[in-house]
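Participant: Starting off with a structure, shown below.
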Amino acid sequence: MAGKMSIVLFVLLVVFLTQNQVSRANIMRDEQQQQQRNNQLYGVSQGSLHPQDCQPKCTYRCSKTSYKKPCMFFCQKCCAKCLCVPAGTYGNKQSCPCYNNWKTKRGGPKCP
């Protein structure tokens, strides 16, 4: 009888510890997802970046182009003026009007 009781207590302890670990893993996953969402949105709206944040945002923005040097040059120039960089590696310029509306002398987009 005492042996069965100790086995039941042991099983309950294992189940409790397993659930506790699963709960911790879920909390950590949720925190990581929230942090990723915050990082994706940070710097997307006009004026939401600090000048020192332009380098990493532009590095990601220009990561898929084959013209990295000019992309980085103009992205950083636009970021310094507008204090925002659109999300992603291409498009999404509507989220940053200054970045979107700055044009070259010929009327083409200045910002990548």
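The values are calculated or read from the model by the stated rules, or taken from the named source; none is laboratory data. Here the structure is a predicted model, which is why all the values come from computation and not from measurement. Backbone-built Cβ (ideal geometry, glycine too); neighbour counts: all protein chains shown. Accessible surface is based on the protein model in full, side chains and every heavy atom, while ligands, DNA and RNA are left aside. Shrake-Rupley method; radii C 1.70, N 1.55, O 1.52, S 1.80 Å.
Participant: Being outside any loop (DSSP other than H, G, I, E, B), modelled with pLDDT of 90 or more and either surrounded by 12 or more Cβ atoms within 10 Å (Cβ to Cβ) or of a type in the set (S, T, N, Q) (or both) narrows it down to one residue among 40, 55, 32, 94; which is it?
Facilitator: Step by step, each of 40, 55, 32, 94 is checked, and only 55 is outside any loop (DSSP other than H, G, I, E, B), modelled with pLDDT of 90 or more and either surrounded by 12 or more Cβ atoms within 10 Å (Cβ to Cβ) or of a type in the set (S, T, N, Q) (or both).
Participant: Any chance you could count how many residues in segment 97-112 are within 16 Å of residue 48 (Cα to Cα), in contact with a strand residue (DSSP E or B) (Cβ under 8 Å, 6 or more places away or on another chain) and either at pLDDT 90 or above or surrounded by fewer than 16 Cβ atoms within 10 Å (Cβ to Cβ) (or both)?
Facilitator: Looking only at that region, the number is 0.
Participant: Among residues belonging to segment 73-91 that are open to solvent by less than 40 Å² (accessible area, probe 1.4 Å) and part of a helix (DSSP H, G or I), point out the one that is nearest to residue 60 (Cα to Cα).
Facilitator: Among residues in segment 73-91 that are open to solvent by less than 40 Å² (accessible area, probe 1.4 Å) and part of a helix (DSSP H, G or I), the one nearest to residue 60 (Cα to Cα) is 75.
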